[in-house]
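These notes are about the structure you will find just below.
The values are calculated or read from the model by the stated rules, or taken from the named source; none is laboratory data. Treat the numbers as computed from the prediction; the structure is a model and nothing was measured. No Cβ is skipped: glycine too gets one built from the backbone with ideal geometry, and neighbour counts run over all protein chains shown.
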């Protein structure tokens, strides 16, 4: 099993990850993880951990992970939006067929304000795109 492990492990954080080099070639045959860097996805910064010097191999792996991570996060963002559309549709169905007057009273103002805010933003952004063309 240890031979199947990757050479690097990324502990994901809000803005990036802590990067560890995975070592299974030791006398105890234990998995050791040695932190070598911290990366920031937003600004692309790669900081060596402590007094480490990163090799070109390290940097290549880290940059590849960062590129892949950005793609994953972008996909999740759009997936979240599609889920929000589904939730809006489910909310409409709930309001029409299941909600009691008390439940509607509890959520109507919040929903109307959120939808108004969303609609205003979408209309403004669409107008900006149309004017650009």
Does residue 130 count as farther than 30 Å from residue 13 by Cβ and surrounded by fewer than 11 Cβ atoms within 10 Å (Cβ to Cβ)?
-> yes
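Every residue, every condition in (1) under 17 Å from the mean Cα position of the chain (by Cα); (2) at pLDDT below 95, yes or no:
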residue	(1), (2)
26	no, yes
52	no, yes
59	no, no
65	yes, no
72	yes, no
76	yes, no
84	yes, no
87	no, no
92	no, no
Going by the conditions given, is residue 84 assigned to a helix (DSSP H, G or I), in contact with a helix residue (DSSP H, G or I) (Cβ under 7 Å, 6 or more places away or on another chain), without any contact (Cβ under 8 Å) to a residue 12 or more places away in the chain and over 27 Å from residue 9 (Cβ atoms)?
-> no
Taking strands (runs of 3 or more DSSP E) that fall entirely within region 1-53, which contain at least 2 residues that are under 18 Å from residue 68 (Cβ atoms)?
-> 8-12, 16-23, 32-40
What number of residues within region 96-133 satisfy the criterion of being part of a loop (DSSP other than H, G, I, E, B) and either within 22 Å of residue 85 (Cβ to Cβ) or at pLDDT below 95 (or both)?
-> 3
